[in-house]
Every structure is written in structure tokens, then in C-alpha cells.
Amino acid sequence: MKNDTLRPQDLFWRVRIFDALSFPSVIIDLEKSVVGANKKFYDTYKLTPEDILGKKCYHSFLYKNTPCKSRDCPISRVIENKEAHSYTLKRQYKWEERVFSPIFDDHQEVAYVLSSIRDITRTKSLESQLIGVKEFITRVIYSSASAIVAADRSGRIELMNSVAKELFGAYNGGEGTITHTEQLYPPGKAKEIMRMLRDEKIGGRGKLIIPKTTIVNAKGEEVEVEMSAAIIYDENGNESATMAIYNDLKDKIKVEKELKKTQKQLAQSEKMASLGQLAAGVAHEINNPLTGVLFYASLLLERPDLDDDAKADLTYIVEDANRCKNIVKSLLVYSRSTDSNKRIVHINEIVDQSLKLVRDQKKFRNIQVRRFLDDEMMLIHADVSKLNQVIINLIINAADAMKGSGKISLSTYRDKPNKKVFLEVKDTGEGIPRENLSKIFDPFFTTKEVGKSTGLGLSIVYGIIEEHGGRISVKETGTKGTTFIIEFPMYVPSEDGPHFCDPPGSA
């Protein structure tokens, strides 16, 4: 309908529609003069028609910051492009969105521009809050001590926090080799986890906690982790993404192993202490009558009227009694009932002295004994004779394990920060059977033939090492040999006395 044929009633409802707009609006002609404004505009800005009608838009308060000939003028853009244009503006404490729409004539040319002003302060506030919440969640994810990974519904990884990058050793997005969730697990494991997530009988719809499972890092290494996973659903209840949280169990497993080792050592110590008390009591009870047997048998041997058969029998009695006496002596050593004579000594000195005391040259004819002794100052507070007994016992056991042929290595070194000194005795024998590992330090346990051993050797060694505040254990054993490791506390003098931890002349 042409403008010159408009009926009065048509003009009436069109004006009413303009006044009924819920946003403050003005109409601007091609010369950029304000030719009309709706009621909402006058009410909002407390203006009258005399304040704005006929005035240039850039002279009014509306667009005073935008020069008329500016290329950024929104009205010029609408006239030129015949398309709507909008921008946002902050006025004092309020945000406004200004929308410019073309009004066309009958020839589809822009005749006027309708400018509406919308208060979007609340929208901006909500948007700011949303951004704040998003940033907070992002900080939480990336500051988490746990590894967090999120992927889309196809399994393509969209997010890895710094801990996850460290755990898996790669990042997606073209910067690394891991881009899909299937690469995080052994073959078939990812599909199994998704099946479990969807199974309501296992952990609930879309949620799953696995106390211990295996993942694979970028190097192909398997890592034990604790894992919790979840499916993320959209507003319609459809699966849109998945996420998982991982905690590396390496430290926990290490602590558990150390705890088991400590508990085992404690149980062994308690058992040894109980057996030590029993051994001491038995030794003292046997020692008195045994001394009598030896005394009277020796007296009888001195009689000149004894025949040869009687002398032979008495000789056997004395030999067996002496053997029993040696066993009693070992029991007393095991129970720590013997006196201790400790002094400050270098561990290497004890090793050298012990090797000189190994007198059974026949046993070591085809055995090569090697020394790897650290040159550092490694002082311990020790009873040298007792530690000689320890080292000699371990060397003889090593020689027996190699059946007279092989290599024995003795190594010393220190851990200065932790104030520890270590001695390792390694052989190239057949190793200790797994079923015997827990029993090797038990009293009277032996794998040798009857009469060849009392089974007190390693139990006495264990008792002596404990007496020195140290520890002895099997570091490794197998078909290529066995290594015993002994740990001693390093002697550290007071600051007022001489410093024994460093060699003379050191800074």
C-alpha cells in the first residue's frame, strides 16, 4: 500500500504499534535527524518532543561520542548495507544494546532508520557471573591434585589438566600423541569402562568408581591408578561427554610395600626376641651340667689304668660335649647375652679384617672375591669382632651356595643425607628358593645335611645387626645369584667434637 493512499485508521494503528514497543525507540531520517520517538523513550529518559525532534542524532545525548562522518556510524552502515546493525554500550552503571533497523519505502530503499535501546544490564550481570563461574571451575580443574580428563561422546579428548598431562605424558590437540580415550588404557579397557558406566547394577547410571585399574601413558608404560568416571548428559538426558579423575597409586603402593616390609620386620624382631629369651634360658640351663660332663670326662681320661676302648669312648664324650658347648655359645650370642665391645670404626676396615680371617682356603680355591669399597668416610659404632662374625658367615654361606666356584662381591657405600652406611654381599650361586625366603633368619632353619649346620648362622647374624641398630635383608635373589644388604646408622659426632663424616683436610 502506497503512502499517499494510507487511510487515517492505518496511520493510527501504525503509530500505536510504534508507541507500544517495549524498548525506547526513535526514528531517524536519511539526513540523520530525529523525526519521531515512542512513549517508552520519552518516559525512560524524561524528555519531551521539543528536546529531540528535528535535531541531528549526533547532537543528541544518544550518539555524541560518534562523529557523523565516522566510518563506524551505525546509521550509515544500515543505510549503506540495508541490514540491521547493533552494538553494546556501557552508560554509567548500565549496559545498553542499541539496535538499528532499516525502514524501507515501496522501492525497497531505506527511507528511515529505527533505533531501539535495550537495557541489558541484567543480562550482562548474569553473563559476567557465568564467566566467573566458568573461570572458577576452570581454576578448580587445573589446580586439582588429581588428573582430570574430559572427552566428547566419540571419545576425542577435549581437556587434560596439568596433572593428567604429567601422568599420561602427552597432550591432545596436535601437541602430543594422545588424542582419544582408547589410548589411555590397555586394548579393550575403554569399551569395558563405558559398558560398566552404562550398567546401573554396577555403580549407578553414568557413575563409576574403580579403586585400582591400569592406564597406559604415552611411552606405553602401564601405571596403576585409582579412577572415578562419569558420563555427562545434556538437558534432554542424552550422553554428550565423559570425564574421568585419576590418582596415581605409585606412592600409595610404595607405602603399602614399605608398611608390609616393616610389619614383617617387626614380626621377625618379636619372634627373634622371644626365641632369644628362650635360647638364653636353655643355654644357661645346659651350660652347667655340660661343664660337669666335660670336667669329669677329662678327669677320667687322665687315669693311667684306663684301657684303650674306655679312652676312645671318653674321647667321643669330650668331643660331643665340646660340640654342645659351641652350640650353647652360639645360643648365647644369638640371645645377645654376651658382652659387647663397641667403638667407632670405618666399615671398610671391618670388611678388610673379615676377609683376612677367612682361613678355609680350600673352600675358596675356585672363588674370586672382589671388593667395591667406597672411598668416602663411612664410620659406624660397632663391635668389630661381632661384625667380623657376620661378614665371615655371609661369605661362607655364599661360597656354599656357589658350590665352591663363582664370584663373591663386597660393596660399601653411604647415603649421607639420610645418615646411612650400606654393605652388600653378592654371590653368583643358584639363589634362595622363594618358599625359604621368609625362613632364612629363623633359628635352627637350614637346608644343609644333618650334622653339617646348626641353623643358627643367619639368625645370629640377624641378632648382631639388630644389636647395632641396623637391618639385614635379601636385596635380590634368583638363578644368577643372591645379594644380601646390610644397613647401619652412620656415626655422626656432636658439633663440638671432631667431624668424622668427612675425610681429613676436606673443606
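If the reach is capped at under 12 angstrom between alpha carbons, list the aspartates and glutamates near K40, excluding any in the same chain fewer than eight residues apart. Counting by Cα, and skipping residues close in sequence, K40 has these aspartates and glutamates nearby: D19.
Loop-located GluC sites (Glu not before Pro) in the range 186-239 (DSSP state other than H, G, I, E, B) with a sparse environment of at most 14 neighbouring Cβ atoms within 10 Å: E200, E221, E235. Considering only protein heavy atoms and a 1.4 Å probe, what is the carbon-and-sulfur percentage of the accessible area of the range 97-205? On the range 97-205, the fraction of accessible area on carbon and sulfur atoms equals 53 percent. Within a straight-line Cα-Cα reach of under 18 Å, K189 can be paired with the following lysines, leaving aside sequence neighbours fewer than 8 residues apart in one chain: K207, K212, K219. Straightening the chain between E430 and L357 buys 23.7 nm, computed as 0.36 nm per residue apart minus the Cα-Cα spacing.
Here the simple spin-label model places points 7 Å from the Cα toward Cβ, and for R122 and D375 these points are separated by 8.3 nm.
Summing +1 for each Lys or Arg and -1 for each Asp or Glu among the other residues whose beta-carbon sits under 15 angstrom from that of H381 gives +1.
In this simple spin-label approximation, K207 and E166 carry label points 7 Å from Cα along the Cα→Cβ vector, and these lie 2.8 nm apart.
What the range 68-135 shows is 71 Å² of accessible area per residue, with the surface traced by a 1.4 Å probe over protein heavy atoms. Checking the Cα-Cα distances for K201/K254; K342/K362; K325/K386; K191/K254; K420/K475; K356/K416 against a 25 Å cut-off, the pairs over it are K201/K254; K342/K362; K191/K254; K356/K416.
Could you sort L394, L114 by their accessible area in this structure, using a 1.4 Å probe and putting the largest first?
On the way: L394 5, L114 40 Å².
Final ranking, largest accessible area leading: L114, L394.
The largest accessible area among W95, W13 belongs to the first residue in W13, W95, and the rest follow in falling order (1.4 Å probe, all chains). By a 1.4 Å probe calculation restricted to protein chains, F136 has an accessible surface near 120 Å², given to the nearest 10. Electrostatic tally near E430: other residues with Cβ closer than 13 Å to its Cβ, Lys and Arg +1, Asp and Glu -1, net +1.
The values are calculated or read from the model by the stated rules, or taken from the named source; none is laboratory data. Treat the numbers as computed from the prediction; the structure is a model and nothing was measured. Neighbour counts are summed over all protein chains in view; Cβ atoms, including those assigned to glycine, are modelled from backbone coordinates with ideal geometry. The protein model used for the area step is the full one, side chains on, heavy atoms only, and it has no ligands, DNA or RNA in it. Shrake-Rupley method; radii C 1.70, N 1.55, O 1.52, S 1.80 Å.
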